[in-house]
Amino acid sequence: MNINLQKASRIAINALTPNRPHHAQWMITRKCNYHCRGCNVWKEQDQKELTTEEIKRGMDILKKLGIIELVISGGDPLLREDAAEIIDYASKLFVTTVYDNGSMAAKKIDALRNADFVAISIDSLDEAKNDYIKAVPGSWKRAMETVETLHKEGINVSVTPTISQLNLYEILDITNYFTNKGIPVWYCLYSYDASEDKNQLFRIGKSNDEFIIKDNQAMVQLCDSLLEMKKKNRKILMTNELLKILKTLFSEGKRTWNCRALRNFLVIDHLGRIAGCHIHNFAGSIFDLPKIWNSEKFNSLRETYSKCAQCTYLCYIFYSVHGSPFGHLLLAKDQWKNAKLLLEK
Ligand code: SF4
Ligand code: SF4
């Protein structure tokens, strides 16, 4: 069976198997060459990181645990010199998505040919606004060219705007612009460290008033519009369930999901430390994961996380929502789209 077919079957089977973690995000580096205003990673860089061999060993452990999707992020993961080797190894084990701020992917095309999905961050169609958000002149032009190049090269590139008050009214335009070119769009939602945990695993940054969404009604309308558009546009990579949850969050202020950190998903930092999400303290090392996954400590953390309401990171909501048996069916339906994209490749 070829590797994409194997991965497509694993997606379909695992999405229907409850009580297994599906998703891991590995922030393999804190190095970053951008200065985004909504993020502090660039101010607090750390030159220390795991070696290539350690990352490979960690990936073997994740595979055995049942992970099917691995997101490789940072910082900018493509700033690591061994990025190609890491992506190549990951792509044999997982459905692999690589994040890039738009500065590196065009220089690392050969490395990215092995990735299943490459997500490029573009926050606006307005060059000046995008460059303001990234605080790097020329970032918009570079990212737009990168998306075009990757698309032409046959790489499954998607665009991931971070929805904030600064771009809220142009999210539909961004969506139309890229999906009309056949490029899928997935969204992040502006979030910041509201953590009370001083030992937070991976600090992103304190709240920035410019970015916080104040026009809740516009957010509700956006969810409605995307739900409508999704009927005809399969390049919008959001489940209906997730959009409905967001709509309730912004219209009624209600969180209608329980967080399933350390159940359905986990994160790993550049030093190999693991946590349910990047907002809490680390709970162990990836190399001890087989011993501690079913421990009492982890079960107690799962209980704590399930009551936590400290963040609205879309990825974490996505993998929490699709955690119940019914959620697994929705995930299976949604993941089948990913499986098809893999098979088309
Ligand atoms: S948002 Fe990403 S690209 Fe921007 S500074 Fe933070 S880590 Fe770097
Ligand atoms: S809600 Fe979940 S993902 Fe968010 S901070 Fe709490 S435990 Fe982490």
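Each value in this text was obtained by applying a stated rule to the coordinates, not by laboratory testing. As the structure is a computational prediction, the values presented were derived from the model and not from experiment. Quick reminder, even Gly has a Cβ in these numbers, built from the backbone with ideal geometry, and neighbours come from all protein chains shown.
Between residue 304 and residue 46, what is the label-point separation in nm under the 7 Å Cα-to-beta-carbon projection?
Distance between the two pseudo-spin positions: 1.8 nm.
Going by a 4.7 Å Cβ-Cβ cut-off, which cysteines of the chain have no partner at all?
Taking the Cβ cut-off of 4.7 Å, the unpaired cysteines of the chain are 32, 188, 223, 259, 277, 308, 311, 315.
Number of Lys-Lys pairs in the range 172-268 under 26 Å by Cα, sequence gap 8 or more or different chains?
23
Which percent, to the nearest 5, of DSSP beta bridges fully inside the chain are antiparallel?
15 percent
Along its principal axes, what span do the Cα atoms of the range 176-281 show, with the longest given first and each in whole Å?
43, 29, 27
State, to one decimal in nm², a quarter of the convex hull surface area for the C-alpha atoms of the chain, i.e. the direction-averaged projected area.
15.6 nm²
Taking the range 195-234 on its own, what percent of its Cα-Cα pair distances exceed 16 Å?
61 percent
How big is the dipole moment of the range 126-218 about its Cα centre under a simple scheme where the beta carbon of each Lys and Arg is +1, that of each Asp and Glu is -1, and everything else is neutral? Debye, nearest 20, please.
200 debye
Where Lys and Arg each count +1 and Asp and Glu each count -1, what net charge lies around residue 289 among other residues with Cβ under 12 Å from its Cβ?
My count for the surroundings of residue 289 gives +3.
Which value, in debye to the nearest 20, describes the size of the charge dipole of the chain about its Cα centre when Lys and Arg Cβ atoms bear +1, Asp and Glu Cβ atoms bear -1, and nothing else is charged?
I would put it at about 920 debye.
What fraction, in whole percent, of alpha-carbon pairs in the range 213-332 exceed 17 Å separation?
It works out to 61 percent of all Cα pairs.
As a check on your grasp of the helix formula, calculate [θ] at 222 nm for the chain: sum -39500 (n - 2.57) over DSSP H runs of n ≥ 4, divide by the residue count, round to the nearest 500.
Per the formula, -13000 deg cm²/dmol.
Largest first and to the nearest Å, give the Cα extent of the range 26-99 along each principal axis.
That works out to 37, 22, 19 Å along the principal axes.
Using packing as a proxy for protection, rank 112-124, 230-242, 23-35, 152-164 so that the peptide with the highest average count of other Cβ atoms within 10 Å comes first.
112-124, 23-35, 152-164, 230-242
Note the direction-averaged projected area, equal to a quarter of the hull surface, for the Cα convex hull of the range 256-317, in nm².
Mean projected area of the Cα convex hull: 4.1 nm².
Viscosity 0.692 mPa s, temperature 37 °C: what is the translational diffusion coefficient of the range 53-175 from Stokes-Einstein with a Kirkwood Rh over Cα pairs, rounded to a whole number of µm²/s?
217 µm²/s
Which of rounded, prolate, oblate describes the range 245-284, given a ≥ b ≥ c as roots of the alpha-carbon gyration tensor eigenvalues and a/c under 1.5 marking rounded, otherwise prolate only if a/b is larger than b/c?
prolate
Which shape class, rounded, prolate or oblate, goes with the range 129-176 when its Cα gyration tensor gives a ≥ b ≥ c as root eigenvalues, a/c under 1.5 marks rounded, and past that a/b bigger than b/c marks prolate?
In terms of gyration-tensor shape, oblate.
Let me check against my output: what whole-number percent is the relative contact order of the chain, with C-alpha pairs under 8 Å and at least 6 apart?
21 percent
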